[in-house]
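First the structure, in the form of structure tokens, and then the observations on it.
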Amino acid sequence: MSFPRAFCCVGAVLALVVVGAATVIIWPSPVFAYSAGTGKIVVASDEPIPAAGGERFLRQCEALLERSPLKAQSPHYHVYVTNTAWRHNFFFLPAPNASGLAYAVRHGGNAFLAGADFDRGRLVKWGYVTTPPRTLAYFCAHEVTHIVDAEHVGVLAAHRQPTWVHEGIADYVGIEQRQSFEELRRALGDRPVDVPMMQQFGSYPRYRLLVTYFLETKRWPIDRLLATRLSYDEAMALMAQDDGR
């Protein structure tokens, strides 16, 4: 076989692999044997979903989305739990260390969670069990909010958002017991973000602080927040100026 022909064959195989992988990411249901839910959230897993725990998870995640300033307009959002290693490695390939991941496409998308203990309402990743406020419902609402964000502003626009907006609004939605801006500011103080802070205040505490500031103190409409091009440093400077710091 000549080199050009061999190169074309390899290229064709790689193209098929990419198309196949993209197809599974967009339509992953065939590789998840168990599912639950007929409402706003539909969850699927590679392990059985206990009835009571699954129903509670769905109810809690839907409640978090319902009170969000960013309204989820699609009739259903699909969440997939990757308990087994090969599924986790495949679906989390872009971010292997993430606890949750969202793939947003033009008309919706899919959210993936690293593992779940439905009875306890906790996310499980490599044997580590998360603690409140980062519950299983928190991660569900966080990842689904990324999809809802893309539905509102478009997939490319969502990816171009400042990170503090993109992750901050998702954390704002996912936290069940929200503190006011003043309460959260005092609790965080000026110390750097570390693992204990994330365990106590969510995965993106300072981004959530900024989102809380602009939504609740400055009274920005959600569309203005999603469209802002303020950098993290610029947003922090505005907050500090108002705060007198």
Legend entry - Verdict on R224 being among the basic types (K, R) and closer than 24 Å to V105 by Cα: yes
Legend entry - Qualifying strands (runs of 3 or more DSSP E) (wholly inside the range 61-164; at least 2 residues being under 14 Å from the mean Cα position of the chain (by Cα)): 77-81, 100-105, 108-113
Legend entry - Selected residue (only one of T145, T82, T131, T135 is of a type in the set (S, T, N, Q) and under 20 Å from P30 (Cα atoms)): T82
Legend entry - One residue from L123, L156 being surrounded by 23 or more Cβ atoms within 10 Å (Cβ to Cβ) and over 23 Å from R219 (Cβ atoms): L123
Inset, instruction - Tell me, please, whether a residue that is crowded, with 16+ Cβ neighbours inside 10 Å, of a type in the set (V, I, T), touching a residue at least 24 places away in the same chain (Cβ under 8 Å) and out of contact with any strand residue (DSSP E or B) (no Cβ under 9 Å at 6 or more places or on another chain) can be found in the range 131-151. - result: no
Legend entry - Number of the exception - Q200 against (1) assigned to a helix (DSSP H, G or I); (2) more than 17 Å from S68 (Cα to Cα); (3) at pLDDT 95 or above: (3)
Inset, instruction - Output the qualifying pairs, or none if there are none: Cβ atoms under 7 angstrom, residues six or more apart or on different chains, first residue in the range 207-232 and in the same structural domain as I169 (by TED's automatic domain parsing), second residue assigned to a helix (DSSP H, G or I) and among the acidic types (D, E). - result: Y207/E167; Y207/D171; R208/D171; L226/D149
Inset, instruction - Output the number of residues of the range 99-124 satisfying the condition of being over 12 Å from W27 (Cα atoms) and modelled with pLDDT of 95 or more. - result: 17
Inset, instruction - Name the one entry in A44, A52, A15 that is in a helix (DSSP H, G or I) and at pLDDT 95 or above. - result: A52
Inset, instruction - Grab the helices (runs of 4 or more DSSP H) fully contained in the range 204-245, keeping just those with 1 or more residues being surrounded by fewer than 17 Cβ atoms within 10 Å (Cβ to Cβ). - result: 222-227, 232-243
Legend entry - Subset of the range 175-198 [surrounded by 10 or more Cβ atoms within 10 Å (Cβ to Cβ) and aliphatic (A, V, I, L, M)]: I175, L184, A187, L188, V193, M197, M198
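The values are calculated or read from the model by the stated rules, or taken from the named source; none is laboratory data. Nothing here was measured: the structure is a model prediction, and the numbers come from that model. Reconstructed Cβ throughout: ideal geometry from the backbone, glycine too, with neighbour counts over all protein chains shown.
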